[in-house]
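Since the structure comes first, as structure tokens, the remarks are kept for the end.
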Amino acid sequence: MNVTHDDYPKAVLDGLNKLREHAELTDVVLEVGGASPYFRGMFTSGYAEAKQERVSIQGVSEVAMATILDYAYTGCLQMEPDQVQAVMSAARLLQVDFVCHKAAEYMKDHLDVSNCVDVLMYADMLGDCNLVKASVRYIASRFNQAALQPAFLQLPLPLLQSLLNRDDLITLSEDDVVQAALRWINFSQEERLQHLPTLCRSFRRSFVSSKQLAEIESKCLATDIKLVYSESSDQRLGYERTEMQIFLQDESLRTSHPPAPCYDPSTGKLYELHMPGNLNSHYSVIFTPDGELYLAGGIDLTDDVVIQKKFYQYNHLLNTWEPRCEMISPRVCCGLVYLKGYIYAIGGDKNKETAERYDPSCDEWTSIPSIPHPIPTYTRPCAVTLHDNIYVIVKQGCYCFSTTDNTWNETADILEPPSRAQAVTYQGCIYCIDCDKEWRDFSGTVEKYDPANGVWKQTENGRVFDFTGATLMKLGGSLYLFTVPKSNTIYVHQYDPDTDCWMLVDDNSRLVPPFKWLGTGYRDLIKIDQNEIEYPDKMAVLLAGVGNLRNVMATMAGLKQSFGGSVHFVLNDNDPQVMARNVFFLYILWKYKGEEEKVAQQLTQIWYSVKIGEEEAAMAQESLTELLALQDDTNTLCGGRVTILAEQFSQLRPVFQLWLSLLNGEKMAQTTPREQLRLIYELAKEGVGLYLRSIPTRHRSSAKDWFKTGLLIPMSDPRRKRARRDNATLAAWNPAHDEVLQYHPSLPTIAKQAGKIAAGINDDSMPFSEWDYLEATAQSSGDDLLEMYSHYIGDVVNRFACRFNQGSVSCLVILDNCLNLQAHLPVEIQFDRIFTSNISDYINYPVLLEALRPLLRKDNNKSVIITEFINWDMCCPEEAKPPQDDLPLVMRLFKQAIEDLRHEPDRPDWVSRQAGMSSGQAGIMAMIPVFLSAGIDSIAEYFDNWGVFNQYLRAALLAHRCPEPSHPVLSTKDVPKMSEVRNFSGMKMRNFLKELNTVCPFRHRVNVRRLTKFYGHKRVLEWTLPEAAGFVSPKGLNIVFVTHHLLRALLAVKIHSMYVQNLAFLKQALQKKRVAHIRDC
């Protein structure tokens, strides 16, 4: 019999610990067994200590030794905050690695302004590189405050110099950096003045004021010291301040904490601000004039509804919220304001009237007099500051707190008592609006309070605004009112104080954030800011199902300048033409290094134009000739940046030879690229027409030109006339062309005979759907869509090429299908991100997850597999798409689409035609022909089909369990639950409906920009390893690309029929069990 007692190890440790506590059966005072190699060696290697009853350990405190002994006997580590360094020092001496690691983690997680410099010097003394790095980054993020700490004056010169050399110092000016260094010198001037020339090399002269330069020079008047400054023209991170809009979420109780969108009106770019993980709603946020962001109170829904005392300060560099001294009282929806160096929290407490003040200089809260009238706990008081006073506006009245007299006074009542007031101060007055109207009251006025006469009055003679939500905002010295009527369209009004009028802003594209959507043309494959937060030196990302370099280039081009790691891509596809183009593009970028900007524009034309000029053709001919001249055993290209097996490179040679023969005129294609383009879009004429009718009017002419000519060259560019050569790199042998025929049965049969050549173009080659419109317009705008996209794509290629030629990017090319990937990958490789594109549409989904799970990095708790579904709706088309025979539903969804787009300056024609139509039955009948013009896709994003998609996932798991299409013996107990789907194969699926996706976040529809392709039925799921540990530095950034060309032909029909039959069975089972559709994940 072989039986294991699972509790035996714990029982033995408990018994030994009790003997230790009672000093029974002990040989020596220290007895730690196998917990430490240090003691194991001492007591088993013949040293004198092995025979002694008492062993003295030098340099270890009594408390630290007791802590380590307790851990050795119990496996539990407990220590007081003020003992962490002593315990870590003892653990390093005694070689107790677990305790060392946990102590370092604790110090890293509890860095603050008061201890960060001490921790840096301690970590430097121990040689703990990770703790040094964390400490330095923290000091950089709070440089001005850290530089005022006494410990800063004790820094060794090398550590101080390394700090002053950093680009990411969060400081307002270079003078602050100089003053910090001078304080360090003045602390011991006689000894340290000799180091001034060394420190001056860290001062960026072009940013130092003349007054500060004079002070520096005065230090050396009596010496022969010559000062040399840094000539760097790079601004430090803290110099750059941007005025942004932060859109906080609604007040509903939720179990998730989605990030707050942050919009930069000056650039049109959108960012995300992640909120503290334990607070879910009802918190308050305040900005200070020097750019600090604080958050107070809120509700923690982890276990129950608990109102919090917590108070946080945002760290801009680390993108984290740091805890500060807790408030005296727990508060929810409190009024939070900043005035003359202090932060005030008012109301939101259980007593409904208390207030307190926070002093950032000493991190301390003190009470102030209570507000005269109780404020209901969940009624967020509106608090604003003006001069030396704080004004609080609530439905119960208006109150003023004088910070000089420390007293409250009641002021004149607002004319319309607000349910939820929102106010700003502007030119010495207070402007207020009720932004949360009572039921069925969708209108309001803006009121103005002048402290000089103590009177409230309505602006613009009581002008009434219609809205369901509104907010006042100061931006760039102007006052704006944002209103959202029932149509969910955002109106922007600008206030003119001279005329006391609100003017509608016609072009609000720079004021209203253009929310991005899943389904944009390219994707950031890493999204560090939303995941690991800090850029690691290296990462690993695997992509399956993406056959071109678009995502690779866009991701690398978008990395911050501070990223200095190396990146390794694994490009995988089973189509030689696709991989030949990738290798060809990379070779061109390497061959013409030093000319990246010019080559990037030329490569953009080769990528997306069916005709190219003589210069581009010569570039292609020269590159192809060199590729074909490589030895047969070649396995590295581009100076070692690209690696490919020799036998797989031999499969690319025929493609290279074909392209070169076409360019040299030695062969002729059966159809030219332009003819093929016209054939493709002739078949897709209806879809092209819908697309053209949906895009802004000013862009239609240039978009039509691309469909007609296939040239991604600005319409006024003289290169168009020179683009006369057929783009040979679009040519392919008929296997690639046959795939197009498979999906377009009505396509005329051309080049089907063996050996014939045709252009390998399909209907996914449109640059407008592959690249994001919002990103393109952020760089340039105008009427010419071709100019906008060619400029944007060229810029991305240029930035990628610079990184590639600097040697920070390398590629491994693999020609095979995705299920054979592991045979070609290095054994030790693991990935932080694994993308599969929509391979799950063609491969049994659970099989795909099980194949990729071993490749997911286990030591990064942010590692994730991202899977996409695009064609899932084919299995249940009647339920997944809006039912066109349900006229009231279709018209309701279509009306919503019209309302969302009606007030955009570049609205589609069918929106303009709808304007002014009546409501009721007559309005519905009038909308029908407009809907037929717009097409079913106009409402796809409005139709709720999540319940059907969840059933599809359950059917996929059922198909995995029962691979045979028929189920004669299955019963309802075989039907998988959603909980089984969410926890498949030891992984957990993030709840995308609760906005928990961090790489491909799902967003409900807000403002669709119609130039970006969007599928209303597209779904993205993210899978994580629940046992993943904390992040450690990975070995390399590897991105693998896999496409499913072969898998489409082999598996599509089988998987489709299997899902359909399993879905039918699932529906029957659900009906028998009377289970309703489950919408949430």
Taking the Cβ of Gly454 as the centre, find all other residues whose Cβ is under 15 Å away and add up their charges (Lys, Arg: +1; Asp, Glu: -1).
-2
The ³J(HN,Hα) series, computed from each phi in the stretch 625-640 with the Karplus coefficients 6.51, -1.76 and 1.60 at θ = phi - 60°, rounded to the nearest Hz and given as x for glycine or proline, is 4, 5, 5, 6, 7, 5, 5, 5, 8, 4, 9, 9, 10, 6, x, x
Per 10 angstrom bin, beginning at 0 and ending with the bin that holds the maximum distance, the Cα pairs of the stretch 142-240 fall in percents of 15, 53, 29, 2
Quick one: which of Lys310/Lys977; Lys108/Lys977; Lys538/Lys988; Lys340/Lys457; Lys108/Lys310; Lys352/Lys988 span more than 31 angstrom between C-alpha atoms?
Lys310/Lys977; Lys108/Lys977; Lys352/Lys988
Amide H proximity to Ile814 below 5 Å, modelled H, separation 5+ or other chain, gives Leu571, Asn572, Asp573
Arranged by the count of other C-beta atoms within 10 angstrom, fewest first, what order do Met978, Met987 take?
Met978, Met987
Those trypsin sites (Lys or Arg not before Pro) in the stretch 53-155 that DSSP places in a loop and that have at most 11 other beta carbons within 10 Å
Arg54
Using 0.36 nm per residue, how much length does the chain from Glu682 to Met503 gain when fully extended, once their Cα-Cα distance is taken away?
59.8 nm
For a test of the definition: using alpha carbon positions, the gyration tensor, and the 1.5 limit on a/c, classify the stretch 831-880 as rounded, prolate or oblate.
prolate
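Coordinate-derived values only; no laboratory data. Everything quoted here is computed from the prediction, not taken from an experiment. When we count neighbours, we look across all protein chains shown, and the Cβ atoms used for this are built from the backbone with ideal geometry, even at glycine.
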